[in-house]
Amino acid sequence: MQEKVATDPMVRAAALILSLFSLPIGPETVDLGNSTSVYLSRFECRDINRSTIVQRVCYSAGERTLLVAVRGSYQRYCGVPAATFDALMSAPSMGVYLNRVLRIAGADGRYNCTTS
């Protein structure tokens with residue numbers, strides 16, 4: 001029974017699983033492009049499966065910041081009231097709501113994010 005422990009697939013699988021628990025876990029981040037990343041530790045994120053446009057929505061009520069994953073890239077909106085977030089989440093069409101309220105109506109800059 002030479003090296004059975006090292007070659008047994010079940011033992012190797014168990015060792016791999018245990019090693020995953022020992023890896024350091026850091027906060028999840030999303031890339032906004034232009035070398036900008038956002039830590040999601042203060043956001044409540046929801047994966048969306050009822051929209052063909054919106055894939056994921058993350059909202060921070062304290063910061064009033066909304067992150068929306070659209071076709072693989074995140075868009076950030078700042079100064080978003082909780083009522084607007086709630087309306088997006090309950091909209092019959094999240095893509096239409098996103099375009100009409102956040103993009104078109106927000107074209108005046110009301111949801112632009114500025115750096116201080």
| Under 5 Å between amide H atoms, partner at least 5 residues away or on a different chain: which partners does Cys113 have, H built in plane at 1.01 Å? | Cys78
| request: Report the accessible area of Leu32, computed with a 1.4 Å probe over the heavy atoms of all protein chains in place, in Å² rounded to the nearest 10. | output: 40
| request: Pop out the ³J(HN,Hα) list for the stretch 58-67 in order, Karplus 6.51 cos²θ - 1.76 cosθ + 1.60 with θ = phi - 60°, rounded to Hz; leave Gly and Pro as x. | output: 10, 9, 10, 5, x, 9, 6, 10, 10, 10
| query | Given H placed on each backbone N at 1.01 Å, which residues far from Ala61 in sequence or on other chains put an amide H within less than 5 Å of it? | reply | Glu44
| Taking amide H positions as placed 1.01 Å from N in the peptide plane, with prolines and chain starts having none, which residues 5 or more places from Val54, or on another chain, fall under 5 Å of its amide H? | Gly95
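If you stretched the chain out fully between Arg64 and Met10, how much longer would it get, using 0.36 nm times the residue separation minus the C-alpha to C-alpha distance? The partial results should precede the final answer.
Details: separation 54, 0.36 × 54 = 19.44 nm, distance 4.80 nm.
The Arg64-Met10 span can extend by a further 14.6 nm.
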| said: Below 8 Å between Cα atoms, with a sequence gap of 6+, how large is the relative contact order for the stretch 46-85 in percent? | reply: 30
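Calculate, in nm to one decimal, what Cys113 and Ser93 gain on full extension: separation in residues at 0.36 nm each, minus their alpha carbon distance.
Values: separation 20, 0.36 × 20 = 7.20 nm, distance 2.46 nm.
That works out to 4.7 nm of additional length.
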| query | With labels modelled as points extended 7 Å from the Cα through the Cβ direction, what inter-label distance (nm, one decimal) is found for Thr52 paired with Asp86? | reply | 3.0
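For the stretch 47-116, what is the relative contact order in percent, using Cα pairs closer than 8 Å and at least 6 residues apart in sequence?
25
The values are calculated or read from the model by the stated rules, or taken from the named source; none is laboratory data. Please read all numbers here as calculations on a predicted model, not as lab measurements. Neighbour counts are summed over all protein chains in view; Cβ atoms, including those assigned to glycine, are modelled from backbone coordinates with ideal geometry. These area figures cover heavy atoms from the full protein model, side chains too; ligands, DNA and RNA do not enter into them. Shrake-Rupley method; radii C 1.70, N 1.55, O 1.52, S 1.80 Å.
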